[in-house]
Amino acid sequence: MITTFVMVMMLVIEYLNVKTKGDWAHRLRKSPFLQIVLAALMGIIPGCLGTYTIVSLYSHEVIRFSALVTNMIATSGDEAFVMFSLFPEYALLLNGIILLIAIGVGVLLMFFGKRFEFFCVAPGHLVVHEHEIEAHSHKRTNVFTNLKNLSFIRALLIGGVLLFLFGLFMGIFSHEHFDISTLTGAQPQHEGHDHEHGINWLKITYILVMSAAMYIFLTSSDHFLEDHLWGHVIKKHFMKIFGWTFGALLLIAFLSQFYEVNQWISENMWMVLVFAVLLGVIPESGPHLVFVIMFFQGLVPFSILLASSIVQDGHGALPLLAESQKSFFVMKAINIAVGLAAGALGLWLGF
């Protein structure tokens with residue numbers, strides 16, 4: 001599901017770039033501050049989908065490294081759903097504080113962190129072919145003509161969307177969320193109930209995204225599908241993103257067999273702070289919820305939750321790890337420094 005979403009977002013970016021002759025990306029590139037604000041707002045959206053979008057923009061050279069770091073600081077992944085369920089007032093406060101911190105760090109990087117632009121992915125991701133601009137900008141493609149002269153690639157892509165939607169409705173594909181009951185000791189929730197209070201926003205989002213993909217598959221020219229989507233997005237990105245994502249999740253699943261939430265956390269909150277920040281390096285939703293539950297039970301102060309939320313990114317950083325390992329580790333190093341500073345200040349102030 002992660003790989004599919006990233007692929008479709010990359011496709012949409014390619015499509016918009018061709019349709020607008022690259023103007024939308026050019027305008028966003030010209031305004032680093034707008035990039036930072038957009039990245040921060042996408043980051044505070046609960047879940048990982050906003051972060052996936054920002055990673056896609058970064059991998060296509062539309063936004064800078066400063067905006068990427070801003071987004072990763074602002075996001076809390078799936079944990080945001082849990083926090084809004086357990087303590088919405090503190091969740092709002094936390095998101096407000098993180099939003100300000102993320103924008104502040106992004107602005108500092110915008111002015112003083114240009115050396116980090118070296119860690120951007122290789123140039124040349126966005127390509128507009130002159131002979132296709134007219135077809136995409138001024139000529140409406142006939143859907144019936146495309147279906148009548150159905151190419152193999154178009155049929156494969158349309159079939160893939162239909163199979164994915166079928167699997168989504170049948171429950172074959174599902175985005176796994178951490179079960180709070182394993183930590184709180186509460187009875188498992190009813191099968192149809194989730195973070196979103198009965199509305200599966202994740203499924204709705206995927207349906208909208210796949211509908212957009214279907215529209216592009218039906219209306220685009222054969223050249224766009226074969227050269228941009230198949231030749232660029234799928235051939236160059238699919239296996240790399242899928243491999244890194246699968247490998248990281250497999251490693252985390254293996255290590256989780258030996259991981260237990262122990263009661264070693266005592267009066268030494270400074271060690272808890274360090275542990276929370278180091279745990280935040282893991283690009284996975286689940287382990288970080290330990291601190292959400294501990295805050296809910298009054299075992300750790302707000303500053304520990306703040307530090308954990310700043311450093312961890314849920315699944316959002318997995319596509320970045322696939323696209324640019326240097327960007328991933330430098331971003332994480334900056335987030336660790338910011339998380340430690342914010343958590344230490346909070347502990348020193350007593351909140």
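The values are calculated or read from the model by the stated rules, or taken from the named source; none is laboratory data. These numbers were taken from a predicted model, which means no experiment stands behind them. Every residue, glycine as well, gets a Cβ built from its backbone with ideal geometry; the counts of neighbours run over all protein chains shown.
Scanning region 58-76 for residues that are part of a helix (DSSP H, G or I) and either in contact with a strand residue (DSSP E or B) (Cβ under 8 Å, 6 or more places away or on another chain) or under 16 Å from Leu318 (Cβ atoms) (or both) turns up Tyr58, Ser59, Leu68, Asn71, Met72.
Annotation note: of Phe246, Phe296, Phe224, the sole residue that is closer than 19 Å to Cys48 by Cα, in contact with a helix residue (DSSP H, G or I) (Cβ under 9 Å, 6 or more places away or on another chain) and at pLDDT 75 or above is Phe246.
Which members of region 1-52 meet the condition of being of a type in the set (Ser, Thr, Tyr), in contact with a helix residue (DSSP H, G or I) (Cβ under 8 Å, 6 or more places away or on another chain) and modelled with pLDDT of 80 or more? Hits for region 1-52 are Thr51, Tyr52.
Among the numbered conditions (1) closer than 24 Å to Val290 by Cβ; (2) touching an Asp or Glu at 6+ places or on another chain (Cβ under 6 Å), the only one that Ser59 does not meet is (1). Tell me the residue from Ser309, Ser303 that is under 30 Å from Gly243 (Cβ atoms) and assigned to a helix (DSSP H, G or I), please. Answer to the selection: Ser309. Residues considered: Ala91, Ala40. Of these, the only one that is free of Cβ contacts under 8 Å to residues at least 24 places away in the same chain, assigned to a helix (DSSP H, G or I) and out of contact with any Pro (no Cβ under 6 Å at 6 or more places or on another chain) is Ala91. Whether a residue is more than 30 Å from Phe144 (Cβ to Cβ), at pLDDT below 75, surrounded by fewer than 17 Cβ atoms within 10 Å (Cβ to Cβ) and touching a helix residue (DSSP H, G or I) at 6+ places or on another chain (Cβ under 6 Å) was assessed, and Lys236 does not pass this test.
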